[in-house]
Amino acid sequence: MKNIFGMTLEAMQEDFAALRLEKYRARQVAEWLYKKCAKRFSDMTNLPKSLRTELETRYTIDTPLLRTRLDAADGRTSKFLLAFSDGAAVEAVLMRQPYGNSICISTQAGCNMGCSFCASTLHGLARDLTAGEMLAEVLFIEEMLKSQGGKVDTMVLMGSGEPLMNYENVVNFLRLLHEEYVLNISYRSITLSTSGIVPAIDRLAEEGMPLTLSISLHAPREEIRSELMPINRKYPLSDVVAAGKRYAEKTGRRVTYEYILIRDVNDGEREAQELAELLAGQLASVNLIPINPVKERGFERPSEERTAAFCRALTRRHITATVRREMGADIQAACGQLRNRHMSESEEKQ
């Protein structure tokens, strides 16, 4: 049986035409799936009962089950571990910000980028997520928020996985999410984070989707970045920054460079000066992130004073820089940590 969840309206209409069904039936089903979050065809009460029965014999509605939920003590952050029918589990995070509800979703189950500070890579890559599975992460949280009188306002693709290594599925997901029969979310409300897959950055700039691009930089010179991020050996720092500049010029969108601060690794005055020189003249800003330590990695976060000094050093050199507000530290909201814990527990049981 075919999974109907994640199909576009056009794909449904094509399928339904083969069943001699009117086009408007596909729109009705799409709205039940994506606006009303229906889990069963029997819930689609404006369809004839005979049609509901027929659809049940031809299609499934595959959406994930909640495996674990953690809520921060301040009530502002919630983290969900969602499991798909094949057992693959992914994390999604809800952050209740002053400007609205922001969510962070995963684009792959696990990750194979091998970044030395990240929990997502500890168990490697299980598989890519489909467009429908990414949409299911969003709608899981959207349904919960709707029951509370809210909605998803902004989204970041910054959970587990490298979005640009799952390019086709990610772009199809973003286009589907943008449709009026789904959530009609503006592309300008979406941020895509990448470790720096240069050819895919250039390709994304041509898609006509004015996304905010966030590039994980984490070092101002090649040798440090290669130690932290093995992908730097394939796409060097200089090439990544050049691709970011091209993206900004093509789209007119400011690029954000993510920079995880690690004590005694990349947080000194020299690194701040080199970073400012690297980004001088770009339509860009820097988001400084004191590392959320992962016990398996052994890195430590710098003091608040050293973090503030790094930020000031960039500002003095005319680089727009901010320190990310920490949310959900008490529930391990950094990507990969909850999934990693769940997998470790499962292995112990075996």
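The values are calculated or read from the model by the stated rules, or taken from the named source; none is laboratory data. These numbers come from a predicted model, not from an experiment. We place every Cβ from the backbone using ideal geometry, glycine too, and count neighbours over all the protein chains shown. Just so you know, the surface numbers come from the protein's heavy atoms only, side chains and all, with ligands and any DNA or RNA stripped out. Shrake-Rupley method; radii C 1.70, N 1.55, O 1.52, S 1.80 Å.
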Next item on the list: Take the alpha-carbon centre of segment 75-89, take the same for segment 104-131, and report the distance between them in whole Å.
Entry: 14
Check: Which number comes out as Rg/Rh for the chain once both Rg and the Kirkwood Rh are worked out on C-alpha atoms?
Finding: 1.00
Next item on the list: Enter the accessible area of Asp153 (Å², nearest 10), with the probe set to 1.4 Å and all protein chains included.
Entry: 50
Next item on the list: Would you mind working out the magnitude of the charge dipole of segment 28-139 relative to its Cα centre, with +1 at each Lys and Arg C-beta and -1 at each Asp and Glu C-beta, to the nearest 20 Debye?
Entry: 280
Notebook entry, point to check: Cα-Cα pairs above 18 Å in segment 2-60: how many percent?
Noted result: 20
Notebook entry, point to check: What's the carbon and sulfur percent of the chain's accessible surface, probe 1.4 angstrom, rounded to a whole number?
Noted result: 48
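Using only DSSP helix segments of four residues or longer, with each worth -39500 (n - 2.57), what per-residue ellipticity at 222 nm results for the chain after dividing by its residue count and rounding to 500? Please report the intermediate quantities before stating the final value.
Working: 11 runs with 127 residues, N = 350.
The helix contribution divided over the chain gives -11000 deg cm²/dmol.
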Margin query: If you count only protein heavy atoms with a 1.4 Å probe, what accessible area per residue comes out for the chain, rounded to a whole Å²?
Written below: 45
Next item on the list: For the pairs Lys2/Lys146; Lys35/Lys151; Lys39/Lys146; Lys36/Lys79, note any where the Cα-Cα span goes beyond 18 Å.
Entry: Lys2/Lys146; Lys36/Lys79
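Please state the relative contact order of the chain as a whole percent: Cα pairs under 8 Å, 6+ residues apart? Before the final figure, lay out each step's value.
Values: 635 pairs, mean separation 51.5, N = 350.
Relative contact order comes out at 15 percent.
Compute the Rg to Rh ratio over segment 188-331 from the alpha carbon atoms, using the Kirkwood formula for Rh, and round to two decimal places.
Numbers: Rg = 14.9 Å, Rh = 15.6 Å.
When Rh is taken as the Kirkwood radius, the ratio is 0.95.
Only loop residues by DSSP count here, and only those with at most 11 other Cβ atoms within 10 Å; note down the trypsin sites (Lys or Arg not before Pro) in segment 162-221 that meet that.
Values: sites: Arg175, Arg188, Arg203, Arg221; in loops: Arg221.
Filter output for segment 162-221: empty list.
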Note to self: Can you tell me which lysines have their Cα less than 30 Å from the Cα of Lys250? Leave out same-chain residues fewer than eight positions away.
What the structure shows: Lys234
